[in-house]
Amino acid sequence: TSETMVTYGFIGIGIMGRGMALNLIKKEFKVVVWNRTPEKCEELVKAGATSVSTPGDVIKNADITFACLADPEIALSVAFGPDGVVQAMGAGKSYVDCSTVDEETSIKVGEAVTKAGGRFLEAPVSGSKGPAEQGTLIFLAAGDEALFKEVTPALEAMGKKSVYLGATGGGGGVKIIV
């Protein structure tokens, strides 16, 4: 199928990202991973992922990259740092940010990704380590609606429900309330 030809990137293999990325691999999606602590990628590589050395390399090697980062500071450094997301971003590339960040951070990253020629979707997750491992997370998405539809198979692999909430800033705003 055409779905299996999409290569997904995953940045941030932490408590949430580990389970989410493993669920993509289990569904036989092609997955490229990066984490600040490279050892955290080893288990995923054994499961079938490819590990790369920078966030920019994930973007270059994937069609659609998910990020699940701990806080706004990390999200911004991964996006705007050297060999970061924005530097590698271009036409035909998409960035789906599942990090729990404030609206301002999400809009800043989204605008930079779009300006660089990519597409952006914020999709903060509701759930914890258990649901991340079990693939029962809830995604509150906002941003590029066509991209939301395209990533639905991946969101279904990682979660039990995805809701589209309109323009960028909507998902994070609702998540902070939840």
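At a glance:
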| read-out | value |
| --- | --- |
| Chain lengthening between residue 114 and residue 145 when straightened (0.36 nm per residue, less Cα-Cα) | 9.8 nm |
| DSSP-defined beta bridges in the stretch 31-178 - what % are antiparallel, rounded to 5 | 20 |
| Carbon/sulfur fraction of accessible area - the stretch 23-178, other protein chains in place, 1.4 Å, % | 52 |
| Calculated percent of Cα pairs over 25 Å apart (choose from (i) 40; (ii) 58; (iii) 20), label | (iii) |
| Probe 1.4 Å, protein heavy atoms only - accessible area per residue of the chain in square angstrom | 45 |
| Size of charge dipole - the stretch 2-67 - debye, nearest 20, with Cβ of Lys, Arg +1 and Asp, Glu -1, no other charges | 100 |
| Gaussian network model of the chain, springs between alpha carbon atoms under 10 Å - residue of 36, 119, 18 with greatest fluctuation | 36 |
| Accessible-area order (highest first, 1.4 angstrom probe) of the listed residues 106, 126 | 126, 106 |
| Charge dipole (debye, nearest 20) of the stretch 77-142; +1 at Cβ of Lys and Arg, -1 at Cβ of Asp and Glu | 220 |
| About the Cα centre, charge dipole magnitude for the stretch 3-138 (Lys/Arg +1, Asp/Glu -1 at Cβ), debye | 380 |
| Probe 1.4 Å - accessible area at residue 39, Å² to nearest ten | 110 |
| Positive-end residue of 130, 89, 74, charge dipole of the stretch 55-139 with Cβ unit charges | 89 |
| Above-threshold pairs, the threshold being 18 Å between Cα atoms, out of 30/160; 46/161; 93/115; 93/149 | 30/160; 46/161 |
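The values are calculated or read from the model by the stated rules, or taken from the named source; none is laboratory data. Treat the numbers as computed from the prediction; the structure is a model and nothing was measured. Every residue, glycine among them, receives a Cβ derived from its backbone with ideal geometry; neighbour counts consider all protein chains shown. For accessibility, only protein heavy atoms count, side chains too; no ligands or nucleic acids. Shrake-Rupley method; radii C 1.70, N 1.55, O 1.52, S 1.80 Å.
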